[in-house]
Amino acid sequence: MNRLPPILAAGMFGLLAALPAAAADIAAVVGWSQRVELGTLVSGVVSEVPVRPGQSVHKDDLLISLDKRGFDSQVSRRIAEQRHALALLEEAKREDERAAELYDRTLLSDYERNQALIGLQSARAAAERARANLLAARLDLEHSQIRAPFDGVVLVVNAAPGQSVVTELQSQPLVTLADNRTYQARAQVDAAQAGLLQAGAPLTATVRGQSFEARVSYVGYEPVAQSGQEPRYELVADIIASEQQTVRVGEPVMLHLD
């Protein structure tokens, strides 16, 4: 009987042994890739809630807005204070230049020269404080609105027009948003399958008979569980859904290792 050379036989045995692991279907569960609870960083009264649960939104879409009149007023006040501080700074610069000229001509004492320098430094400090106060007021105005940090779907809305929001101790979650275009599937694989997978590798995912594009996000290096004597490693895969495809968190999904 003809026998294969030992090297060729060993190579074919290794290939056949790898095929079941490479072609295995792995059961996983769908989860969110991004899910955030959003709240304002400032206190105020809710004036606008243009979204509802289940609504799809795009990045930077308005989700919640507080009454902006108080914040606008504060910005206007800080602008006026900065203009006044800048005018005083210009006057202090002119006074310092005049004092320096007189001092060089020995028409001014050391004390008077130092007083001009101190006045200039004080004016600069006041102008910097005014600039910082204006920046803080503008940030408060910006933080009085909640905008979507990414494309997604609104899950929960905990706000209504007229509602008071107090954030002195802790930011209050007002809206919950999740990414409904990229999901995550988590599963466990054996050492052979883990060795075949690398981050970014393509996969095929099947949910309720629908096929989805998927890719490996992470393969664990430490065992998370053992089946008998065989260690199991965490597999996290990203599932990409189109606008026509629907996936829900908690659904079972089969990952096929191409």
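Worth a mention:
- Single unsatisfied condition, Gln172 versus (1) touching a Lys or Arg at 6+ places or on another chain (Cβ under 9 Å); (2) under 18 Å from Val51 (Cα atoms); (3) not acidic (Asp, Glu): (1)
- So Ser73, is it modelled with pLDDT of 90 or more, out of contact with any strand residue (DSSP E or B) (no Cβ under 8 Å at 6 or more places or on another chain), outside the structural domain of Ser211 (by TED's automatic domain parsing) and not charged (D, E, K, R): yes
Matching residues to (1) of a type in the set (Phe, Trp, Tyr); (2) over 11 Å from Ala185 (Cβ atoms); (3) within 27 Å of the chain's Cα centre (by Cα):
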site: Thr206; (1), (2), (3): no, no, no
site: Ser211; (1), (2), (3): no, yes, no
site: Ala214; (1), (2), (3): no, no, yes
site: Val219; (1), (2), (3): no, yes, yes
site: Glu243; (1), (2), (3): no, yes, yes
site: Arg248; (1), (2), (3): no, yes, yes
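- Among the candidates Leu139, Leu62, Leu88, Leu155, residue that is of a type outside the set (Lys, Arg) and in contact with a helix residue (DSSP H, G or I) (Cβ under 9 Å, 6 or more places away or on another chain): Leu88
- Put simply, of Asn133, Asn180 the only residue that is at pLDDT below 95 and not hydrophobic (A, V, I, L, M, F, W, C) is Asn180.
- Residues in the stretch 192-225 that are surrounded by 14 or more Cβ atoms within 10 Å (Cβ to Cβ) and of a type in the set (A, V, I, L, M, F, W, C): Ala192, Ala194, Leu196, Leu197, Ala201, Leu203, Ala205, Val207, Phe212, Ala214, Val216, Val219.
- The condition of being modelled with pLDDT under 95 and touching a helix residue (DSSP H, G or I) at 6+ places or on another chain (Cβ under 6 Å) holds for only one of Leu41, Leu120, that being Leu41.
- From the list Val189, Val247, Val253, the one residue that fits, being β-branched (Val, Ile, Thr), in a loop (DSSP other than H, G, I, E, B), touching a residue at least 24 places away in the same chain (Cβ under 8 Å) and buried (at least 18 other Cβ atoms within 10 Å of the Cβ), is Val247.
- Test: residue in the stretch 107-115 that is touching a helix residue (DSSP H, G or I) at 6+ places or on another chain (Cβ under 7 Å) and either under 30 Å from Trp32 (Cβ atoms) or surrounded by 14 or more Cβ atoms within 10 Å (Cβ to Cβ) (or both): yes
- Single residue of Arg147, Arg138 found to be over 30 Å from Ala87 (Cα atoms), touching a residue at least 60 places away in the same chain (Cβ under 8 Å), of a type in the set (Lys, Arg) and surrounded by 14 or more Cβ atoms within 10 Å (Cβ to Cβ): Arg147
- Scoring Ala237 on the criteria (1) under 14 Å from Ile26 (Cβ atoms); (2) more than 24 Å from the chain's Cα centre (by Cα); (3) not aromatic (Phe, Trp, Tyr) leaves a single failure, condition (2).
- Within the stretch 55-76, none of the residues are aromatic (Phe, Trp, Tyr), in contact (Cβ under 8 Å) with a residue 12 or more places away in the chain and not in a helix (DSSP H, G or I).
The values are calculated or read from the model by the stated rules, or taken from the named source; none is laboratory data. In this text the structure is predicted, and so the values were computed from the model without any measurement. Because the Cβ atoms are built from the backbone with ideal geometry, glycine has one as well, and the counts that use them run over all protein chains shown.
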